[in-house]
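Okay, so here's the structure we're looking at.
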Amino acid sequence: MSERFVLEILPEPKKHSIMTAQDRKTYAVRIKPFREGGGYAAYVPDLAGCVAYGESPATALKNATNAIRAWLKEAKEANLDTPEPSQAEHLKP
């Protein structure tokens, strides 16, 4: 059984910057119990390989926020296109 969450990710604030609506991205996160050793895994289907772990679903979700930011930052630094978020309501459970 997995739980689905949607995270709105805002870029890290920079001094004297103005955030626009285009700066916001909303990615779906799936949280599942981690089979080996307990805990939970948070998967971000739109971002290949973007996974976070935590002892509780809340911790996994919090860690997913950091993982998404890191994934997007690395993609930007490598001049890679970042995928637009899927519509969360259309994701399969």
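Just a few scattered comments:
- From 4, 30, 69, residue being surrounded by 10 or more Cβ atoms within 10 Å (Cβ to Cβ), at pLDDT below 90 and assigned to a helix (DSSP H, G or I): 69
- Residue count, the range 72-93 (criterion: at pLDDT below 85, assigned to a helix (DSSP H, G or I) and open to solvent by 80 Å² or more (accessible area, probe 1.4 Å)): 2
- Number of positions in the range 40-55 that are among the small types (Gly, Ala, Ser) and not in a strand (DSSP E or B): 2
- The lone criterion from (1) modelled with pLDDT of 60 or more; (2) closer than 18 Å to residue 85 by Cα; (3) surrounded by 15 or more Cβ atoms within 10 Å (Cβ to Cβ) left unmet by residue 54 is number (2).
- Scanning the range 33-50 for residues that are without any contact (Cβ under 8 Å) to a residue 40 or more places away in the chain and either within 18 Å of residue 81 (Cβ to Cβ) or surrounded by 15 or more Cβ atoms within 10 Å (Cβ to Cβ) (or both) returns 34, 39, 40, 41, 42, 43, 44, 47, 48, 49, 50.
The values are calculated or read from the model by the stated rules, or taken from the named source; none is laboratory data. Being a predicted model, the structure only gives us computed values, none of them experimental. Note: ideal-geometry Cβ built from the backbone for every residue, glycine included; neighbour counts use all protein chains shown. All accessible areas refer to the heavy atoms of the entire protein, side chains included, with ligands and DNA or RNA removed. Shrake-Rupley method; radii C 1.70, N 1.55, O 1.52, S 1.80 Å.
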